[in-house]
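*Asks:* Can you read through this structure? Questions will come right after.
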Amino acid sequence: MFKSTAIRRMIPRFVDEGRTHIQLRELPRSALLTDLRRLCIRNQLLGVTDVAIDYHRFLPTGRAYLTLAHTKHLQKNLQALEKASVGSLTIKATSAPPPRSGHGLDRTGTQRKVFSGNGPHGGMSSRMKHVVIWGLPGKISEEAVENYLRDFRLDNVDGKIGAVKVELPANTFSLYSRYLVRPTSMPEAHRLVRKLHMTYYQPEHWGRRYQLRARVVY
């Protein structure tokens, strides 16, 4: 009996050996990076070098990843997170292999990077200044989106033009499209979200057909 109990206790440590990432699950979809950083401080986590919200097509999945400076911090941090909560929700924490980046290659084989918006930080290398907008007409062009947002100050996105379409999963179709833009600053990103979220695209022409939603990608 004691031997089998000891073996069960050893199995998680064997699996965790060498790992430097913790996956947080069952987070509120509204959780921000500031909430997760407070979680780390409140639970006195050791050696956390990065906090990343996990996304699917630039929308939160309810998961996040903590990167640790060294594997020696893993077990103590997991123990500290056993009864942790964010907001009113109790979360789950497990060790994890390095999460996969969200960048991919297009389906034409041209080796061009596309934006799937999947993974930690939505797969973006630059942080904290991107906004995802969805609910736009399905066939709207990047140029038309830029023109619609002409009252906002936008940078290029990863060397591309100011508005980049988020790729649909393979073999799927939608009447609506999703775009990623990069305002010049965080205040400008929040201003764009405040002005655009839950408004209608060209209501004088389309009425209430295209209701827009927007949120900052962290």
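*Asks:* Just checking, which of Ala93, Ala80 is surrounded by fewer than 20 Cβ atoms within 10 Å (Cβ to Cβ), at pLDDT 95 or above, of a type in the set (A, V, I, L, M) and farther than 15 Å from Val166 by Cα?
*Replies:* Details: Ala93 fails: surrounded by fewer than 20 Cβ atoms within 10 Å (Cβ to Cβ).
On inspection, the qualifying residue turns out to be Ala80.
*Asks:* Related question: Would you be able to say whether some residue in segment 108-121 is loosely packed, with under 13 Cβ neighbours inside 10 Å and at pLDDT 95 or above? Please lay out each step first, then the result.
*Replies:* Here is the first cut: in segment 108-121, the ones loosely packed, with under 13 Cβ neighbours inside 10 Å are 108-112.
Going one step further and asking which of them are at pLDDT 95 or above, we end up with none.
No, segment 108-121 contains no residue that is loosely packed, with under 13 Cβ neighbours inside 10 Å and at pLDDT 95 or above.
*Asks:* In segment 170-184, what residues are among the small types (Gly, Ala, Ser) and either in contact with a strand residue (DSSP E or B) (Cβ under 9 Å, 6 or more places away or on another chain) or under 19 Å from Ser141 (Cα atoms) (or both)? I'd like the intermediate steps shown before the answer.
*Replies:* Residues of segment 170-184 among the small types (Gly, Ala, Ser): 170, 174, 177.
Matches in segment 170-184: Ser174, Ser177.
*Asks:* Being closer than 15 Å to Gln202 by Cα and touching a residue at least 24 places away in the same chain (Cβ under 8 Å) is the filter here; which residues of segment 129-145 pass it? Give the derivation first.
*Replies:* Pass one, segment 129-145, residues closer than 15 Å to Gln202 by Cα: 133-141, 144-145.
Of everything in segment 129-145, those that are closer than 15 Å to Gln202 by Cα and touching a residue at least 24 places away in the same chain (Cβ under 8 Å) turn out to be Ile133, Trp134, Gly135, Leu136, Pro137, Gly138, Lys139, Ile140, Val145.
*Asks:* How many of the residues in segment 143-195 are more than 23 Å from Asn118 (Cα to Cα) and among the hydrophobic types (A, V, I, L, M, F, W, C)?
*Replies:* 3
*Asks:* If you don't mind, there's one more thing I want to ask. Tell me the residue from Gln79, Gln75, Gln44 that is part of a loop (DSSP other than H, G, I, E, B) and either at positive phi or not assigned by TED's automatic domain parsing to the domain that holds His130 (or both), please. Explain how you work it out, then say what you get.
*Replies:* Numbers: Gln79 fails: part of a loop (DSSP other than H, G, I, E, B); Gln75 fails: part of a loop (DSSP other than H, G, I, E, B).
None of the others qualify; the one that does is Gln44.
*Asks:* Provide a single number: the residues in segment 167-195 that are under 21 Å from Tyr55 (Cα atoms), touching a residue at least 12 places away in the same chain (Cβ under 8 Å) and surrounded by 13 or more Cβ atoms within 10 Å (Cβ to Cβ).
*Replies:* 13
*Asks:* Right, next: Which residue, of Pro28, Pro60, is under 30 Å from Arg178 (Cβ atoms), in a loop (DSSP other than H, G, I, E, B) and either among the acidic types (Asp, Glu) or modelled with pLDDT of 95 or more (or both)?
*Replies:* Values: Pro60 fails: in a loop (DSSP other than H, G, I, E, B).
Only one candidate passes the filter, namely Pro28.
*Asks:* Given the conditions (1) farther than 17 Å from Pro98 by Cα; (2) crowded, with 18+ Cβ neighbours inside 10 Å; (3) β-branched (Val, Ile, Thr), report the number of the one that Val51 does not fulfil.
*Replies:* (1)
*Asks:* Oh, and also: Given the structure, is Val164 surrounded by 12 or more Cβ atoms within 10 Å (Cβ to Cβ), modelled with pLDDT of 95 or more and either aliphatic (A, V, I, L, M) or part of a loop (DSSP other than H, G, I, E, B) (or both)? Can you show your working first?
*Replies:* On the way: surrounded by 12 or more Cβ atoms within 10 Å (Cβ to Cβ): yes; modelled with pLDDT of 95 or more: no; either aliphatic (A, V, I, L, M) or part of a loop (DSSP other than H, G, I, E, B) (or both): yes.
When the stated conditions are applied, Val164 does not pass them.
*Asks:* Starting from segment 26-47, keep only residues that are among the acidic types (Asp, Glu), then list their pairs with residues that are surrounded by fewer than 16 Cβ atoms within 10 Å (Cβ to Cβ) and at pLDDT 95 or above whose Cβ atoms are within a distance under 6 Å, requiring at least 6 positions of separation or different chains.
*Replies:* Going by the 6 Å Cβ cut-off, the qualifying pairs are Glu26/Lys92.
The values are calculated or read from the model by the stated rules, or taken from the named source; none is laboratory data. Since this is a predicted model, take the numbers as computed values, not measurements. Please note: Cβ atoms are built from the backbone with ideal geometry, for glycine as well, and neighbour counts cover all protein chains shown.
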